[in-house]
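Enquirer: Sharing a structure here in structure tokens format.
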Amino acid sequence: MHRVEHVMGMPIVVEVRDGEVPGAVFDWFRHVDETFSTYRDDSEVSRIRRGELALADASDDVRTVYARCAELCEETSGFFDVDAVGGDPSGYVKGWAVERAAEMLPGESAINAGGDIRTKGTWRVGVQHPFERQAVAKVVEATDLAVATSGAYERGEHVLDPHSGSAPTGILSVTVTGPDLGTADAYATAAFAMGGHRAGNWTARLPGYEAMTILADGRVLLTPGFPQAPPEPPAA
Amino acid sequence: MLAAMTAAATIATTAKRTVTVTKTVSGRQAVADRWGYVEVTLVVKKTTTTVGTHKKVTRKITGVNVPVYPNHTDRSIFINEQAIPWLKQEVLAAQFNPNIELVGGATATSYAFQQSLQAALLAARKV
């Protein structure tokens, strides 16, 4: 069965192949929203951003998230930078929360949180085509895998290059696959922010993660191990 | 490996003389973003062929090294040590009736979700 709820500012789809979706999963997402939302004045993150709460006095989850964000900032040469967006860790929180939620799901299951996906078992995942709303650009065979996409078509041009402050050029989307959704999401955001001339080569150097970069000129760059689904047999 | 200079000379004939010099040239250290210093070194092979009074010089880059690069974490060391990357290149194509169960990438807002392939897939499953 599947369940869809709008929480953390986005639609979250939870699917379980054989069984019920545990209610605890959405309780967890609501708890994450209460703790990390920048739209709630009383969340821990809002209090940290206003300087009312020291990070050292924050909860374990909040300290864990900020610590990983700092590492990701280094791994991406500052292209994923929480400080550049006023200390807002939302770009990592979603994937981190989904990873924790996936641990609560029984058997073969999947979570799609605003277009970023984590699977348990094998699922066929389409990557949205950048121009054709009813089409996909690629089908991924995702086995126990995170699939994160950053693109200009999602929420308007919301990803900026933190070094230049301007929107990246020459690039339509970056999809990163790998074992951890928070990390894959941060890498996708960073690669997208780098722009079309740097993104592809940068993604080719990520140990344990694969990527597909769609450039504005219609070229698609894939790392050698990108988990494309095998072509389907022609319909009878 | 980065010896300052090695030289070897060979004399082919009394009329033709070839001198090969391999030289390592270091660029200035430069700041890479705000993460530290990067330096690039080129190994250049210079071949000078002299026939009588005619001199021909060719230079070829035979090696590129990065002896100084940012090493802030174990993971950044690992990333920097990866081999020269390569990528497969394709042309963007649209698949309109794919056999898929989930759609990634474009359902970040409620409106986008209602209009999305993902919502259509879930609706189809209820039938």
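Enquirer: Of the cross-linked pairs B:K23/B:K56; B:K16/B:K60; B:K45/B:K88; B:K16/B:K46; B:K16/B:K45; B:K23/B:K88, which ones have a Cα-Cα span greater than 24 Å in the structure shown?
Expert: Exceeds cut-off: B:K45/B:K88; B:K23/B:K88.
Enquirer: Turning to a different aspect of this structure: Run through the range A:36-126 and list the GluC sites (Glu not before Pro) located in a DSSP loop whose Cβ has at most 15 other Cβ atoms within 10 Å.
Expert: Within the range A:36-126, the qualifying GluC sites (Glu not before Pro) (loop, at most 15 other Cβ atoms within 10 Å) are A:E52, A:E103.
Enquirer: Using a Cα-Cα cut-off of under 25 Å, which lysines could be cross-linked to A:K120, ignoring same-chain neighbours fewer than 8 residues away?
Expert: A:K94, A:K138, B:K126
Enquirer: Work out the FRET efficiency for B:Q89 and A:E5 from their Cβ-Cβ distance, taking R0 = 45 Å, and round it to the nearest 0.05.
Expert: On the way: r = 40 Å, r/R0 = 0.88.
Taking R0 as 45 Å, the efficiency between B:Q89 and A:E5 is 0.70.
Enquirer: Hey, another quick one. Compute the projected area of the convex hull of the Cα atoms of chain A, averaged over all viewing directions, and report it in nm² to one decimal place.
Expert: It is 13.7 nm².
Enquirer: How many nm separate the modelled label positions at B:R125 and B:S26, each set 7 Å beyond the Cα in the direction of the Cβ?
Expert: Those two pseudo-labels are separated by 6.0 nm.
Enquirer: Where does chain A land at 222 nm, in deg cm²/dmol rounded to the nearest 500, when only DSSP H runs of n ≥ 4 count, each adding -39500 (n - 2.57), divided by all residues? Each step should come with its number before you reach the end.
Expert: Numbers: 6 runs with 68 residues, N = 236.
-9000 deg cm²/dmol, from helical runs alone.
Enquirer: Assuming R0 = 51 Å, can you tell me the calculated FRET efficiency for the pair B:F96 and B:A15, based on Cβ-Cβ distance, to the nearest 0.05?
Expert: On the way: r = 72 Å, r/R0 = 1.41.
The calculated FRET efficiency here is 0.10.
Enquirer: Continuing with this model, one more query. Could you sort the peptides A:15-26, A:212-223, A:190-201 by per-residue average Cβ neighbour count (10 Å cutoff), highest mean leading?
Expert: Values: A:15-26: 15.3, A:212-223: 20.1, A:190-201: 22.8.
The packing order, highest mean first, is A:190-201, A:212-223, A:15-26.
Enquirer: While we're looking at this one, here's another question. Treat the count of other C-beta atoms within 10 Å as a stand-in for reagent exposure and order A:Y209, A:Y39 from fewest to most.
Expert: Starting with the residue having the fewest Cβ neighbours, the order is A:Y39, A:Y209.
Enquirer: Ranked by Cβ crowding within 10 angstrom, fewest neighbours first, how are A:T35, B:T48 ordered?
Expert: Ordered from fewest to most neighbouring Cβ atoms within 10 Å, A:T35, B:T48 come out as B:T48, A:T35.
Enquirer: Next question. Going by C-beta contacts inside 10 Å, put A:H129, A:H163, B:H54 in order with the fewest on the left.
Expert: B:H54, A:H163, A:H129
Enquirer: Once each part is reduced to its C-alpha centroid, what is the distance from the range A:32-82 to the range A:124-196 in angstrom?
Expert: 22
Every number here is computed from the coordinates shown, using simple stated rules; none is lab data. Remember, it's a predicted structure, so these values are computed and weren't measured experimentally. Every residue, glycine as well, gets a Cβ built from its backbone with ideal geometry; the counts of neighbours run over all protein chains shown.
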